[in-house]
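The values are calculated or read from the model by the stated rules, or taken from the named source; none is laboratory data. Quantities reported herein were computed from a predicted structural model and do not represent experimental measurements. Methodologically, a virtual Cβ is constructed for each residue, glycine included, from the backbone with ideal geometry; neighbour enumeration extends over all protein chains shown.
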Amino acid sequence: MNMSETSNMRLKCLSTIILCTAFFGCALFYATKKPIDTLYYVTGKAPSDSLIIMLPGGGDESADFMRNGFIKAIEESGIHADIIAVDANLGYYFKRNLLPRLHEDVIVPARQKGYKNIWLLGISMGGLGAMMYAKHYPENISGLIVLAPFLGYPAVINEVSDAGGLSRWSPKEPIDKDDYQHDLWKWLKGYTRPEENHPRLVIGYGNEDKFAAGAALLAEVLPKDQVFIVQGKHDWETWGRILHLILRSGAIS
């Protein structure tokens, strides 16, 4: 191999590394733990049987919910619910162990402590995680709040859109066991059928959000009082404003 070929190979390798880093957010470098790390907040003086479990987006961490006013907003809303912020980083998604860790380390112990009304709140990638959990364990969840959820890559979003929306779209069967995107949308299609016993789903996003196209497809099949769209992008300031609207609306019960 001559020097030119070696140089070209190095450039290709470097390009691949840069692409993977940009695309996956260095997910492979995120440590995963058993049990998963959590932060626990008690919002009232009296015991509560309600719990809100928060899942951060890619690149964020559990402490960011406190830093960005989410814990305070819920405490001041009058909603009597305790909170668990889960440190569900991207590593759990790419290593495919988010669901067992969330179930065994968070949900099951919460049930054993007496929590009966459990909501999952997920932002961006955390929204995907919340919905994937609800898909597999719907009996454990009272409701979902997803803010600017990641619902798949453009090819899948365009496929649903080109079909005329979620009500008209149907996946090609059989769905590959590793194809979580089509599998998720197939489950979400259940929200177009009232007879499906899906957890209550509340969605919010900014109209300039990078994931707005997918969120809009889901939002159009939900009741209007479960959809919150504001001016904004994919950032904590926008998500905070949406949370305040949701808390004031009474969408969480």
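Numbers for the structure displayed
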| read-out | value |
| --- | --- |
| Any hit, the range 225-241, residues being assigned by TED's automatic domain parsing to the domain that holds ARG67, at pLDDT 95 or above and within 23 Å of HIS136 (Cα to Cα) | yes |
| Set GLY57, GLY44, GLY91: member being in a loop (DSSP other than H, G, I, E, B), modelled with pLDDT under 95 and either assigned by TED's automatic domain parsing to the domain that holds GLY143 or out of contact with any His (no Cβ under 7 Å at 6 or more places or on another chain) (or both) | GLY44 |
| Residue within the range 105-114 that is farther than 24 Å from VAL42 by Cα, surrounded by fewer than 17 Cβ atoms within 10 Å (Cβ to Cβ), touching a residue at least 24 places away in the same chain (Cβ under 8 Å) and small (Gly, Ala, Ser) present | no |
| Test result for LYS12, outside any helix (DSSP H, G or I), over 28 Å from LEU99 (Cβ atoms) and either touching a Cys at 6+ places or on another chain (Cβ under 8 Å) or at pLDDT below 90 (or both) | no |
| Search result, residues across the range 193-220 that are modelled with pLDDT under 95 and more than 20 Å from LEU120 (Cβ to Cβ) | ARG193, PRO194, GLU195 |
| Residue match in the range 19-28 (condition: at pLDDT 90 or above and either touching a Pro at 6+ places or on another chain (Cβ under 6 Å) or within 28 Å of VAL202 (Cα to Cα) (or both)) | no |
| Near pairs, Cβ below 9 angstrom, 6+ apart or cross-chain, from the range 226-244 (at positive phi) to any residue that is in a strand (DSSP E or B) | GLY232/TYR205; GLY232/GLY206 |
